[in-house]
1. From Cα coordinates alone, what are the radius of gyration and Dmax values for the chain in angstrom?
2. Just to be sure I understand the curve: with the Debye formula and one point per C-alpha of the range 171-276, what is log10 I(q)/I(0) at q = 0.15, 0.21, 0.22, 0.24 Å⁻¹?
3. Which ³J(HN,Hα) values, rounded to whole Hz and listed in residue order, are derived for the range 226-239 from phi using the Karplus coefficients 6.51, -1.76 and 1.60 in 6.51 cos²θ - 1.76 cosθ + 1.60 with θ = phi - 60°, glycine and proline given as x?
4. For the range 33-75, state the average projected area of the convex hull of the C-alpha atoms over all orientations, rounded to one decimal in nm².
5. Would you mind pulling out the separation of the Cα centroids of the range 62-109 and the range 110-126, in Å?
6. Roughly speaking, what % of Cα-Cα pairs in the range 210-256 are separated by over 15 Å, rounded to a whole number?
7. Based on the Cβ-Cβ distance of residue 38 and residue 64, what FRET efficiency does E = 1/(1 + (r/R0)^6) give at R0 = 25 Å, to the nearest 0.05?
8. Put 58, 254 in order of accessible area, largest first, 1.4 Å probe: what do you get?
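The values are calculated or read from the model by the stated rules, or taken from the named source; none is laboratory data. For clarity, every value in this text was computed on a predicted model and none was experimentally measured. Glycine gets a Cβ as well: all are built from the backbone with ideal geometry, and neighbour counts include every protein chain shown. Protein only, heavy atoms only, side chains kept; ligands, DNA and RNA dropped before computing areas. Shrake-Rupley method; radii C 1.70, N 1.55, O 1.52, S 1.80 Å.
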Amino acid sequence: MKLGTEELPMPYQNILLVGCGNMAGAMLDGWIAAGVPAQAFTVVNRSRRDLPDRVTYLPAIPESGGFDAIQIGVKPHMLDDVAAQVARLQGGAVILSILAGTQLDVLEARFAEARAVVRVMPNLAVSIGKSPIALAAGDIPEAERERVKAFMDHLGTPEWVDESEYDLVTALAGSGPAFVYRFIAALADAGEELGLPREQAQRLSIAMVEGAGALAASSPHDPAELARRVASPGGVTQAGLDVLDKDGRIRRMLVDTLRAARDRSLEMAEEARASD
């Protein structure tokens, strides 16, 4: 199948989504927007959410179905119940888990008959194909790694990472949009406090971040160099940068922010293991 003139890889033909909350729903929207056929998806969810046309909805996990990919997107405390029901379907399927804090060894113990088990950490920008996506797996065939990556390519920029780095990547790439949104809101607040109408300050802040991000993604220069190029010595931009850079305050604040998010991810993994 094609989207425009670009050939779309179809590594999985029959995909089961177990749980379709905000994140799984955004992923579904992103896959379909990228051209993956809606009829390739079956969604199991407690309530029938507003699903795209031609996606199959089921209120419970089916007895059979020949699925080659099964994504687990339920609350972590529901894993055991779901794993018991998915057991009859996992043979020959890759298991994709978007469960926060649930590590590979815990997943592999519950899906021992699966072809492969992969942790996946996206953010909500998957709905527009713009999410960084962390992928982690144990010893799985290289061909399966390539299939998983091709499937996630539709949603943004997938990166294979070692599971030892997964909690930090979760803090940076998974939680990161919330930190950026907080920055945008704070920038708009500052503009309003200094005299701009609130709605105008917010529009300008959003447009500025959108343009800056797009330029950073397409530029051959790294962000630090881009900041240097915007600022002239003794100029307007440099005056603002001097405030941000004083005593390394913005760097220290962001290190502390990522550390707190990473440490909470590690705590959740320990909580999940303690309840095992």
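1. Spelled out, the Cα radius of gyration and Dmax of the chain are 21.3, 70 Å.
2. Results for the range 171-276 at q = 0.15, 0.21, 0.22, 0.24 Å⁻¹ read -0.83, -1.35, -1.40, -1.45.
3. Listing the rounded values in order: 4, 4, 4, 6, 6, 8, 9, x, x, x, 4, 5, 5, 4 Hz.
4. Over all viewing directions, the range 33-75 projects a mean Cα-hull area of 3.7 nm².
5. Taking the Cα centre of each part, the range 62-109 and the range 110-126 sit 8 Å apart.
6. That tail contains 55 percent of the Cα-Cα pairs.
7. 0.75
8. 254, 58
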